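Q: Attaching a single structure in C-alpha cells format; questions to follow.
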Amino acid sequence: MGYRFDDLTAACQDDWRAYIEHEFVRRLGDATLEEGAFRHYLQQDYLFLIHFARAYALAAYKSRDLDELRHAFAGLKTILDVELGLHVDYCREWGISEEELARLPEARATLAYTRYVLDTGHRGDLLDLHVALAPCLIGYGEIAGWLDAQAATVRGKANPHDAWIAMYESVDFQQAMADERAWLDARLADVTPRRFAELCVVFRDATRLEIDFWQMGLDRSL
C-alpha cells in the first residue's frame, strides 16, 4: 500500500497540530485577536501570495507533461486573477490600500517561508514543491473547518474575522484543497519509504515555517 497526504500529517503530527491550532488561529476564531495583529498578518499574507504565484510559475517550469502544466497554470491564474484581487479588496475593508501593500517590507517570517518553498522547488522536483506548499493550501482549508467545529468560535457580525473563516471554508476553496490532496495522494502512492522520509522533512520544515508566520502576525514582528 502506498502513501497518502494523511501519512505526511501523521508523521509530523505535533507540528501539524501546533500549526492548525495556533494561538493566532484560536484568537481569530474567538474574536479576541487584536486588530493590529490581524492587519499585520493580512499585509504580510499579500506578500506571501505574490511568492505563491511565483511558486506556481516554477511548477509550470517543472512540469513534465501537459496535465501537470495545466495544473500549474490553473493555480497561477487563480492566484493572479482571483485571490490577489480578493485579498486587496479584503485589505481595503481593513483600511489597507493597494498602494500601501505595494510598499510593504517583508517580515523575516515571510522571507523564510516563501524562499524555503522556492528553494525546495528549485533543488527538488514537482512533488517536493507541492509538499512544501501543502501546509498553506491544504492547511488553511483544514483550519477553517477546525475553527467552525470549535464551541469557542464566534460566527457572524460579532466576529470581525468571520469573513476570513468563510473565505477558506467556501465551496471553491474546499474544492481546491480536495483537488490538491488528490494530486498529492496519486503521487505519494508510488514513492519509496526513503523518498517518503525525504518528503516528510520538507513537509515538517514548511509546517514549522507556517507556525512562525502565525507567530509573526501575533507578535507584529518584522
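The values are calculated or read from the model by the stated rules, or taken from the named source; none is laboratory data. Nothing here was measured: the structure is a model prediction, and the numbers come from that model. With ideal geometry, Cβ positions are generated from the backbone for all residues, glycine too; neighbour counts draw on all protein chains shown.
Q: Looking only at the stretch 148-172, how many residues end up being part of a helix (DSSP H, G or I) and of a type in the set (Ser, Thr, Tyr)? Spell out the reasoning first.
A: Kept after step one, since they are part of a helix (DSSP H, G or I), are these residues of the stretch 148-172: 148-149, 156-158, 162-168, 171-172.
Now restrict to residues that are of a type in the set (Ser, Thr, Tyr): 168.
Matching residues across the stretch 148-172 total 1.
Q: For the stretch 110-139, name all the residues that are of a type in the set (Gly, Ala, Ser) and buried (at least 23 other Cβ atoms within 10 Å of the Cβ).
A: If the condition is that a residue be of a type in the set (Gly, Ala, Ser) and buried (at least 23 other Cβ atoms within 10 Å of the Cβ), then Gly121, Ala132, Ala134 are the ones that fit.
Q: Only one of these is free of Cβ contacts under 8 Å to residues at least 24 places away in the same chain, assigned to a helix (DSSP H, G or I), hydroxyl-bearing (Ser, Thr, Tyr) and in contact with a helix residue (DSSP H, G or I) (Cβ under 8 Å, 6 or more places away or on another chain): Tyr56, Tyr90, Tyr46. Name it.
A: So the residue among Tyr56, Tyr90, Tyr46 that is free of Cβ contacts under 8 Å to residues at least 24 places away in the same chain, assigned to a helix (DSSP H, G or I), hydroxyl-bearing (Ser, Thr, Tyr) and in contact with a helix residue (DSSP H, G or I) (Cβ under 8 Å, 6 or more places away or on another chain) is Tyr56.
Q: Now for a different question. Looking at Arg26, Arg4, which is the one that is within 30 Å of Arg194 (Cβ to Cβ), at pLDDT 90 or above and basic (Lys, Arg)?
A: Going through Arg26, Arg4 in turn, just one is within 30 Å of Arg194 (Cβ to Cβ), at pLDDT 90 or above and basic (Lys, Arg): Arg4.
Q: Moving on. Report, by residue number, each residue of the stretch 94-114 that is in contact (Cβ under 8 Å) with a residue 60 or more places away in the chain and assigned to a helix (DSSP H, G or I). Reasoning before the result, please.
A: First, the residues of the stretch 94-114 that are in contact (Cβ under 8 Å) with a residue 60 or more places away in the chain: 104-110, 112-114.
Of everything in the stretch 94-114, those that are in contact (Cβ under 8 Å) with a residue 60 or more places away in the chain and assigned to a helix (DSSP H, G or I) turn out to be Arg108, Ala109, Thr110, Ala112, Tyr113, Thr114.
Q: Still on this structure, I have one more. In this structure, is Asp14 under 22 Å from Ala132 (Cα atoms), of a type outside the set (Lys, Arg) and surrounded by fewer than 19 Cβ atoms within 10 Å (Cβ to Cβ)?
A: Spelling it out, Asp14 is indeed under 22 Å from Ala132 (Cα atoms), of a type outside the set (Lys, Arg) and surrounded by fewer than 19 Cβ atoms within 10 Å (Cβ to Cβ).
Q: Where residues in the stretch 155-172 are in contact (Cβ under 8 Å) with a residue 40 or more places away in the chain and surrounded by 18 or more Cβ atoms within 10 Å (Cβ to Cβ), which of them is farthest from Glu68 (Cα to Cα)?
A: Ranking the qualifying residues of the stretch 155-172, first place goes to Asn159.
Q: Looking only at the stretch 89-105, count every residue that is crowded, with 17+ Cβ neighbours inside 10 Å and in contact with a Leu (Cβ under 7 Å, 6 or more places away or on another chain) and tell me the total. Before you say what the answer is, go through the steps one by one.
A: From the stretch 89-105, those crowded, with 17+ Cβ neighbours inside 10 Å are 91, 96, 101; that's our starting set.
Then keep just the ones that are in contact with a Leu (Cβ under 7 Å, 6 or more places away or on another chain); that gives 91, 96.
Total meeting the criteria: 2.
Q: For the stretch 68-82, which positions are surrounded by fewer than 18 Cβ atoms within 10 Å (Cβ to Cβ), more than 14 Å from Leu127 (Cα to Cα) and not hydrophobic (A, V, I, L, M, F, W, C)?
A: Residues satisfying the conditions are Arg70, Lys77, Thr78, Asp81.
Q: Taking the stretch 12-43, which residues are not in a helix (DSSP H, G or I) and not hydroxyl-bearing (Ser, Thr, Tyr)?
A: Cys12, Glu21, His22, Ala31, Leu33, Glu34
Q: Based on what the data block shows, is Gln175 loosely packed, with under 14 Cβ neighbours inside 10 Å, of a type in the set (S, T, N, Q) and either part of a helix (DSSP H, G or I) or modelled with pLDDT of 90 or more (or both)?
A: Details: loosely packed, with under 14 Cβ neighbours inside 10 Å: yes; of a type in the set (S, T, N, Q): yes; either part of a helix (DSSP H, G or I) or modelled with pLDDT of 90 or more (or both): yes.
Yes.
Q: Let me ask you something else. Within the stretch 175-201, work out how many residues are closer than 14 Å to Cys136 by Cβ and touching a Phe, Trp or Tyr at 6+ places or on another chain (Cβ under 9 Å).
A: 4
Q: Among the candidates Glu198, Glu180, Glu142, single out the residue that is more than 27 Å from Tyr61 (Cα to Cα) and either surrounded by 15 or more Cβ atoms within 10 Å (Cβ to Cβ) or not hydroxyl-bearing (Ser, Thr, Tyr) (or both).
A: Glu142
Q: Considering (1) surrounded by fewer than 17 Cβ atoms within 10 Å (Cβ to Cβ); (2) under 22 Å from Leu33 (Cβ atoms); (3) acidic (Asp, Glu), say which one Asp185 fails and leave the rest.
A: The one condition Asp185 does not meet is (2).
Q: Exactly one of these conditions fails for Gly145: (1) closer than 20 Å to Trp16 by Cβ; (2) assigned to a helix (DSSP H, G or I); (3) in contact with a Leu (Cβ under 9 Å, 6 or more places away or on another chain). Give me its number.
A: (3)
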